[in-house]
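The values are calculated or read from the model by the stated rules, or taken from the named source; none is laboratory data. As the structure is a prediction and not an experimental result, all values here were calculated from the model. Note that each Cβ is placed from the backbone with ideal geometry, even for glycine, and that neighbours are counted across all protein chains shown. Side chains included, ligands, DNA and RNA excluded: accessible areas come from the protein's heavy atoms. Shrake-Rupley method; radii C 1.70, N 1.55, O 1.52, S 1.80 Å.
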Amino acid sequence: MEELVNLFHGFAVALQPFNIAVMVLGIVLGVIIGVLPGLGGANGVAILLPLTFSMPPTSAIIMLSCIYWGALFGGAITSILFNIPGEPWSVATTFDGYPMAQQGKAAESLTAAFTSSFVGALFAVIMITLVAPLVAGFALRFGPAEKFAVYFLAFCSFVGLSKEPPFKTIAAMMIGFALAAVGLDSITGQLRLTFGFTEMLNGFDFLIAVIGLFGLGEIFLTMEEGLNFRGGKAKIDLRVVLRTWMSLPQYWMTSLRSCIIGCWMGVTPAGATPASFMSYGIAKRVSKNGKNFGKGEIEGVIAPETAAHAAGTSALLPMLSLGVPGSPTAAVLLGGLLIWGLQPGPMLFVEQKEFVWGLIASMYLGNLVGLIIVLTCVPIFAAILRVPFSIIAPLILVLCAIGAYSVHNSTFDVVMMLVFGVIGYALKKCNYPLAPLVLAIVLGDKAEEAFRQSLLGSQGSLGIFFSNPLVSTIMVLGLIALFWSVISNGLTRMRGRTATA
Amino acid sequence: MTTQNSHTTGPTHKAVEAGVTTIIGLLGGLVVYGSVKAGINWGAEGPKAGFFPFYIGLFIIISSLINLFNTLREEDGPIFAEWGQLRQVFSVIIPTGIYVAAMPFIGLYLASMIFIAWFMRWLGKYNWPIIAAISLGMPVVTYLIFERWFLVPLPKGPIEEWLGL
């Protein structure tokens with residue numbers, strides 16, 4: 001009850017005209033950041049942090065968090081329209097969002113993505129409001145073994161649920177792990193797999209790989225067919241938006257499941273990217289339309305977008321209540337709090353009530369404002385599809401080069417982007433899935449760190465991954481996901497025998 | 001010898017896939033080699049730097065061998081792509097390569113202008129006023145958004161230096 005009273009006070013703070021104005025500005029800037037490849041949410045918030053120094057802390061954090069919501073919304077736009085994920089958590093959205101755009105359903109896909117994003121974020125904010133102390137306590141039980149188990153589950157889900165041959169999925173995933181391992185070893189500080197090239201000291205950034213594999217790879221594939229841009233028939237009006245909204249309630253189960261996955265992954269700090277992949281994988285397995293996933297199924301857009309937003313939003317919970325950021329963007333926001341002299345942690349809720357509840361209220365309002373802004377701009381985004389390919393292709397290529405360069409201000413990264421583009425084209429033509437490769441580049445470092453820290457704690461014994469009920473349950477779920485095709489075949493045969501007996 | 005003309009012939013899917021799989025397998029070998037050099041045993045801080053990637057490399061080699069075996073077992077199926085289609089793809093890859101290679105010397109802006117203009121003229125057959133508007137407009141918008149607004153420096157060449165940008 002006390003939380004609700006505090007929340008109403010928070011709304012009074014967030015609804016002040018100046019705070020509404022910074023909210024709108026933050027969302028618009030965030031959408032731009034989300035659309036531009038190479039400028040992720042964390043980078044965007046970091047770059048714009050100095051803009052907020054002159055503001056009161058509550059207005060500043062409202063603006064920065066709204067940039068974050070805007071970036072979460074914006075990541076879906078390029079994923080759906082051009083198959084270029086603006087953000088890593090938008091990679092899973094490309095699987096069905098882009099085919100939908102190619103089929104002339106860009107508006108449906110964008111509407112579903114934005115609305116699902118809003119639903120996921122709303123669920124997470126309600127969760128933050130009501131169960132913050134409980135969930136934060138649970139997250140404290142996560143050690144390296146539990147973290148590795150979560151990553152293990154995410155990777156195994158991919159191998160078991162992929163429509164491509166399992167050994168091709170494993171090969172692609174392992175290439176991603178190998179690329180993630182290049183450079184300075186974060187535990188021993190030793191160089192590895194650089195083979196004397198100083199440019200490889202920092203390793204391969206997932207954004208370079210994503211821009212190359214997906215952005216350039218898709219343009220090369222499209223060039224095979226000549227200059228016909230296949231998404232050109234998108235027709236947008238309010239009726240499409242309303243029709244899509246009417247169809248969304250039938251996927252309530254997918255949304256609810258994705259919300260729960262997202263919140264769990266956001267709080268435990270696995271983050272929005274594995275949440276979106278896992279949610280997509282499970283939706284594909286469970287849905288009665290699972291066979292159509294990857295061909296332009298709207299459920300394949302709803303699942304990752306809902307989970308990514310739920311995870312992105314709930315990642316702020318451990319940051320506020322424990323001072324432990326659940327995502328890179330939350331880490332930058334944490335830095336902002338420290339700059340303003342606010343110490344995140346349980347005492348923040350006591351000492352800075354107005355700030356905390358103003359921020360939580362702004363999460364409700366910011367996401368609503370974000371949804372209205374992005375939905376009203378759908379016709380503008382979809383109009384891009386009508387631009388001829390011979391104009392849009394070089395612009396995308398230039399934008400990709402800028403995105404790749406701006407990650408580390410390095411022309412070597414631009415060269416690598418082109419190399420990844422050619423690799424992406426060849427792998428895609430040979431039926432190697434690209435998503436597990438990217439997922440492994442994104443999470444490879446963290447998974448390896450958690451694995452090695454676990455082994456260090458157990459003196460090399462793999463028994464650590466089955467040492468308590470929590471980690472054992474997650475690992476067993478991972479093994480079930482890994483061998484799911486074998487298990488489901490066995491179950492089908494057993495049912496067949498029972499039926500014939 | 002095939003009787004098909006050049007429009008419907010091309011490398012077989014099987015041959016290209018076998019080649020790609022072999023390259024992936026060799027990459028796995030490179031990862032194993034690099035890992036062994038970095039150390040794959042147990043050190044003072046636990047598993048050494050090469051421990052994790054060593055097993056990753058082994059997984060790559062094993063899965064590539066299985067993939068190669070599966071590919072070679074298949075019959076000669078469809079072609080990978082027609083020669084004409086591959087020419088189209090390389091008509092973009094090669095200029096993109098030149099664009100990327102030129103960037104450190106002439107800067108991103110001039111390289112982008114030339115690249116966009118080439119693409120629109122050669123592949124799109126647009127007239128010069130439209131080409132000029134887009135190839136000049138894009139770098140200007142890029143400059144304003146990235147360098148002015150988000151303070152992200154992009155590679156510049158002698159022209160930008162001369163203009164004092």
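A few notes on this one:
- Among the residues of the range B:139-153, those with an accessible-area drop of 30 Å² or more from chain alone to full protein complex, heavy atoms and 1.4 Å probe, are B:F146, B:W149, B:F150, B:V152, B:P153.
- Whichever aspartates and glutamates have a C-alpha closer than 13 Å to that of B:K14, once near sequence neighbours (fewer than 8 apart) are set aside: B:E74, B:E75, B:D76
- Counting only other chain Cβ atoms within 10 Å of each residue's Cβ, the peptide B:114-125 averages 4.
- Proximity of backbone amide H atoms, modeled 1.01 Å from N, is registered between B:K156 and B:L108 at under 5 Å, excluding neighbours fewer than 5 places apart on the same chain.
- On Cα atoms only, tilt of B:83-118 relative to the major axis of chain B in degrees: 60
- Electrostatic tally near A:W245: other residues with Cβ closer than 13 Å to its Cβ, Lys and Arg +1, Asp and Glu -1, net +1.
- Neighbouring partner chain Cβ atoms per residue of B:18-25, average, 10 Å criterion: 3
- For chain A, the share of accessible area belonging to carbon and sulfur comes to 68 percent (1.4 Å probe, ligands and nucleic acids excluded).
- Segment A:V419-A:Q16, length gained on full extension (0.36 nm per residue, minus Cα span): 140.1 nm
- Surrounding net charge for A:F412, when Lys and Arg each add one and Asp and Glu each subtract one, Cβ distance under 14 Å: -3
- For A:K295, a cut-off of 19 angstrom between C-alpha atoms picks up these lysines, skipping any fewer than 8 places away in its own chain: A:K105, A:K163, A:K233, A:K284, A:K428, A:K429.
- Annotation for the B:A interface, with buried accessible surface near 5600 Å², both sides summed [1.4 Å probe; non-protein components not counted].
- Degrees between helix B:51-73 axis and first principal axis of chain B (Cα, 0 to 90, nearest 10): 90
- Å² per residue, accessible surface of the protein assembly as shown at 1.4 Å: 41
- Rg ratio (alpha-carbon, reference 2.2 N^0.38 Å) - the range B:13-73: 1.35
- Proximity of backbone amide H atoms, modeled 1.01 Å from N, is registered between A:L191 and A:D185 at under 5 Å, excluding neighbours fewer than 5 places apart on the same chain.
- Percent accessible area from carbon and sulfur atoms, the range B:83-163, protein chains only, probe 1.4 Å: 76
- Estimated FRET transfer efficiency (A:R495, B:V36; beta-carbon r; R0 41 Å; 0.05): 0.25
- Among the residues of A:188-198, the average count of other protein chain beta-carbon atoms within 10 Å of the residue beta-carbon is 5.
- Shape of the protein assembly as shown, Cα gyration tensor, a/c cut at 1.5: rounded
- At least 15 Å along the helix axis (C-alpha) and Kyte average at least 1.6, DSSP helices within chain A: A:17-35, A:106-139, A:328-339, A:389-408, A:469-482
- Distance in nm between pseudo-label sites at A:F466 and B:L151 (7 Å out along the Cβ direction from Cα): 5.4
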